[in-house]
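> Let me begin by handing over the structure; questions about it come next.
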Amino acid sequence: MRIVILAALLMTLASAFVLYSSNYDTRQFELRVAEQERAIEKARGDIAVLKAERAHLARPDRIEPLARALGLGPASEKQLASSPDDALARLTPDATGSVQRKGN
Amino acid sequence: MNGNEQPRDSSAETAPRAANGPLRTLIATAAMALFFMAIGAQLVRLALMGLGDGSISLNEAVAQSFARPDIVDRNGRLLATDVEAYSLFADPARVIDRDEVVEKLAVVFPDLDRAALRRDLSDRNRRFVWVRRLLSPRTAQQVHELGLPGLDFRRELRRAYPGGKLAGHLLGHVNIDNKGVAGIERYVDEVVGVESVQGATLAERPPVRLSIDIGVQHAVEAELADAVQRFEAQGAAAIVLDVGTGEVMASASLPTVDPGQPSTSLGNLDKVAGSTFELGSVFKTLTIAMALDSGLATPETVLDVRKELTAGRFTIKDLHPLRRPLSVAEVFLHSSNVGSAMLATQAGAQRFQDFLRQMQLLGPMRTEAGPIAPPQLPQRWGDVETMTTAYGHGIALAPLQFAAAAASVVNGGHKVTPTFVKRPEDSGIAEIPVLSANTSATMRTLMRRNVAERAGTGKRAEVAGYEVGGKTGTAEMPGVGGYREKAVISSFLSAFPMSKPRYLVFVLLFEPKGTTESGGEVLASRNAAPTAGRLISRIGPLLGLLPTQAAIPGAPGLAFDASSAAKYETR
């Protein structure tokens, strides 16, 4: 009888300990989950901001002057040549193949 | 009673004590076990449920906003998105020094309403007062550095428009709770759907893909701004429409609006779909298409247009009379008011109206961006109205609605329904005929001649290699007590390439002045036509159409490799 009681007591102690530690672990995991959820949320927010910033930097009214400065412009029929020789003949040091803005 | 029971009681107490010993122990053990089980159960419950995350949900109802899907253009480039922003609120119960809070905040927000804030903070029963919403991170940091107790931030969603004012009229705008109230933003709320959220949870819906192309939209806006400056106009508008699918590739109205800072100023109304105008001679395109389609005339039919027409108190005359009979083709090329009025009269009011109804010009029309301003029709439609409508007066239309009808004239004669949302690649478009293919082909030839020939009014819209065709229109604007002669809307209706039109371009300039650029004239041939030409030379390559030399007489007939047209997609 005594041995049973003793065993039960030990079991109680052991299970209390197990319960407590698993409870503690659970809380730790919960904290980590919350932390990671926050990190995900923050990353998503950052992605949204970066996407918006990237689109803002790539907006046409910023790109246009940059492209114009590089001598780029809309394709024009003047860029067509009837043969490779014709194209080479047009090649002068200042002709980059791009056309300036038309109609000015 | 008592005396009787006493002995029985005492005897019962001594004798069963030994017998009841194990029973009592059992009861005690059971009670203890129950007690421990209850504790255990409570522990398990706590372990499973947690203690709650301790955050307060004090003001959830106040801080509700909407998470919206992104809006992208047809190539997936971003037009509108949600970003997180900080909103500042105060908890009056926790504010220690009201005046300090008000004074220090006024440093960060110079336009702060101090009296209102002081009043709000005085009410100790309130636990939540918005101070300023949707702050930039920098301003939020400044407030944070003040270190005032009782102030706190909530993260909320704010709509950002990375393109700035690009396509501002079309996009519309949202209110402070991120709810769409105008334009495409409203369509997003009503049709696509938004999620009601607390705090800053981004939407997970797929983006709304519009039909417009950011590059084309920008080119159109830039060219219009240029034209407004060149011709000292009060405003301008332009539409680029895919004549096959009805997709609007660009829709611009100047002065522009910023979707991030909506204003309700009347001068900034959307001129493409939000207002109606008497469009003038561009309307002759429809009158002549009607005459050809109903078999009343062929391009060679000769009309005697030498006499001025009188109808009621109106006299209809031509601006530059040629003093000889004109063929129907010449009526179109020389933009004869008398000739068009004669054709409409010949057809009769009923047939003319039926034709316009078939072209969807007499009824209301709506797009995803909301209803198009309904057409302003004559009160009663008699002979006079038939004549004036023939050359585009007495009937006021939203440019978008007119452009859709004009698109059916050039696209082989089938119905065009304008849309601002990209159609799926595989969706077939039901071809509902409204005109015969022959009429459409004849109209294309006439429009092309109007640009290609030296005498054509649209010759300044010619762009080498694009086979542009079009019709000019210079309409006097109605003012107080009649039409104002020098205040005009000059417009150019064009399509390209004319052998098989892909896109329609409709340009309108409002109240342009006679500058040296336009030879001192306000005629569409001198301002709207060259603007359309410049526009087409810019947007052609963006739309994947490259110029060819085939269309130029005497040229070797070269063309770009069409498959090499630059197309890009971003995610």
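> With region B:172-268 as the region, which strands (runs of 3 or more DSSP E) entirely inside it contain at least 1 residues that are over 30 Å from A:GLU41 (Cβ atoms), touching a helix residue (DSSP H, G or I) at 6+ places or on another chain (Cβ under 8 Å) and within 14 Å of chain A (Cβ to nearest Cβ)?
Result: B:248-254.
> I would also like to ask the following. State all residues of region B:298-323 that are hydrophobic (A, V, I, L, M, F, W, C) and surrounded by 12 or more Cβ atoms within 10 Å (Cβ to Cβ); if no residue qualifies, say none.
B:VAL302, B:LEU303, B:VAL305, B:LEU309, B:ALA311, B:PHE314, B:ILE316, B:LEU322
> Is it the case that B:ALA398 is among the small types (Gly, Ala, Ser) and either open to solvent by 10 Å² or more (accessible area, probe 1.4 Å) or closer than 15 Å to B:ALA495 by Cβ (or both)?
So B:ALA398 does not fit the description; no.
> Output the qualifying pairs, or none if there are none: Cβ atoms under 7 angstrom, residues six or more apart or on different chains, first residue in region B:65-84 and more than 10 Å from every other protein chain (Cβ to nearest Cβ) and within 14 Å of A:ARG44 (Cα to Cα), second residue part of a loop (DSSP other than H, G, I, E, B) and polar (S, T, N, Q).
B:ALA67/B:THR201
> From the list B:LEU134, B:LEU105, exactly one residue is in contact with a strand residue (DSSP E or B) (Cβ under 8 Å, 6 or more places away or on another chain), at pLDDT below 85 and closer than 30 Å to B:THR201 by Cα. Which is it?
B:LEU134
> Something else now. Just a yes or no: is a residue in region B:457-468 in a strand (DSSP E or B) and either farther than 24 Å from B:GLU232 by Cβ or out of contact with any Pro (no Cβ under 7 Å at 6 or more places or on another chain) (or both)?
No, every residue in region B:457-468 fails to be in a strand (DSSP E or B) and either farther than 24 Å from B:GLU232 by Cβ or out of contact with any Pro (no Cβ under 7 Å at 6 or more places or on another chain) (or both).
> Counting residues that are out of contact with any helix residue (DSSP H, G or I) (no Cβ under 6 Å at 6 or more places or on another chain) and open to solvent by 100 Å² or more (accessible area, probe 1.4 Å), which helices (runs of 4 or more DSSP H) fully inside region A:1-96 reach at least 3?
Passing ranges, in order: A:2-57, A:84-90.
> Continuing with this model, one more query. Going through region B:21-48 one residue at a time, which ones are facing another protein chain (nearest Cβ under 10 Å) and more than 30 Å from A:ASP25 (Cβ to Cβ)?
Once the filter is applied, which keeps residues that are facing another protein chain (nearest Cβ under 10 Å) and more than 30 Å from A:ASP25 (Cβ to Cβ), region B:21-48 yields only B:THR29.
> Still on this model: Only one of these conditions is not met by B:ALA80: (1) surrounded by fewer than 19 Cβ atoms within 10 Å (Cβ to Cβ); (2) among the small types (Gly, Ala, Ser); (3) in contact with a Phe, Trp or Tyr (Cβ under 6 Å, 6 or more places away or on another chain). Which number is it?
Only one criterion is unmet by B:ALA80, namely (1).
> Let me ask something additional. Give me the pairs, please: first residue somewhere in region A:43-54 and closer than 15 Å to B:PRO207 by Cα, second residue anywhere and β-branched (Val, Ile, Thr), beta-carbon distance under 8 Å, and either six or more positions apart or on two chains.
A:ALA48/B:THR81; A:ALA48/B:VAL83; A:LYS51/B:THR81; A:ALA52/B:THR81; A:ALA52/B:VAL83
> Which residue pairs have Cβ atoms under 8 Å apart, sit 6 or more places apart or on different chains, and have a first residue in region B:527-547 that is at the interface with chain A (Cβ under 8 Å from one of its Cβ atoms) and within 15 Å of B:VAL248 (Cα to Cα) and a second that is charged (D, E, K, R) and not in a helix (DSSP H, G or I)?
From residues that are at the interface with chain A (Cβ under 8 Å from one of its Cβ atoms) and within 15 Å of B:VAL248 (Cα to Cα), the pairs are B:LEU542/B:ASP213.
> Quick one: which of B:THR301, B:THR264, B:THR310, B:THR285 is closer than 19 Å to B:ALA347 by Cα, of a type in the set (S, T, N, Q) and modelled with pLDDT under 85?
Going through B:THR301, B:THR264, B:THR310, B:THR285 in turn, the sole match is B:THR310.
> Which residues, counting only those in region B:152-171, are open to solvent by 30 Å² or more (accessible area, probe 1.4 Å) and assigned to a strand (DSSP E or B)?
Matches in region B:152-171: B:ASP152, B:PHE153, B:ARG154, B:ARG155, B:ARG158.
> Please enumerate the residues belonging to region B:506-522 that are open to solvent by less than 70 Å² (accessible area, probe 1.4 Å) and either more than 28 Å from B:GLY244 (Cα to Cα) or out of contact with any Phe, Trp or Tyr (no Cβ under 7 Å at 6 or more places or on another chain) (or both).
Matches in region B:506-522: B:PHE506, B:LEU508, B:PHE510, B:GLU511, B:PRO512, B:GLY514, B:THR515, B:SER518, B:GLY519, B:GLY520, B:VAL522.
> Here are B:THR245, B:THR201, B:THR256: which of them is closer than 30 Å to B:GLU521 by Cα and either open to solvent by 20 Å² or more (accessible area, probe 1.4 Å) or not assigned by TED's automatic domain parsing to the domain that holds B:ALA405 (or both)?
Result: B:THR256 is the single residue among B:THR245, B:THR201, B:THR256 that is closer than 30 Å to B:GLU521 by Cα and either open to solvent by 20 Å² or more (accessible area, probe 1.4 Å) or not assigned by TED's automatic domain parsing to the domain that holds B:ALA405 (or both).
> Mind listing just one residue for me: the one in region B:496-505 that is within 14 Å of B:SER408 (Cα to Cα) and not β-branched (Val, Ile, Thr) and, of those, surrounded by the most Cβ atoms within 10 Å (Cβ to Cβ)?
B:PHE496
> Let me ask another. Residues B:GLY40, B:GLY76: which one is at pLDDT 50 or above and outside any helix (DSSP H, G or I)?
None of the others qualify; the one that does is B:GLY76.
> Further, regarding this structure: In region B:469-494, what residues are buried (at least 24 other Cβ atoms within 10 Å of the Cβ) and farther than 17 Å from B:ALA237 by Cβ?
Scanning region B:469-494 gives a single hit, B:GLY469.
> To continue, here is another question. Does B:ALA461 count as buried (at least 24 other Cβ atoms within 10 Å of the Cβ), in the same structural domain as B:LEU543 (by TED's automatic domain parsing) and closer than 15 Å to B:ASN527 by Cβ?
Judged against the criteria, B:ALA461 is a match.
> State all residues of region B:426-447 that are assigned to a helix (DSSP H, G or I) and among the small types (Gly, Ala, Ser); if no residue qualifies, say none.
B:ALA437, B:SER440, B:ALA441
> Have a look at B:THR298, B:THR285, B:THR345 and point out the one that is within 37 Å of the chain's Cα centre (by Cα), in contact (Cβ under 8 Å) with a residue 24 or more places away in the chain and either outside any strand (DSSP E or B) or more than 27 Å from B:ALA398 (Cβ to Cβ) (or both).
B:THR285
The values are calculated or read from the model by the stated rules, or taken from the named source; none is laboratory data. A quick note: this is a predicted structure, and the numbers were derived from the prediction, not measured. Reconstructed Cβ throughout: ideal geometry from the backbone, glycine too, with neighbour counts over all protein chains shown. Note: areas computed on protein heavy atoms with side chains; ligands, DNA, RNA excluded. Shrake-Rupley method; radii C 1.70, N 1.55, O 1.52, S 1.80 Å.
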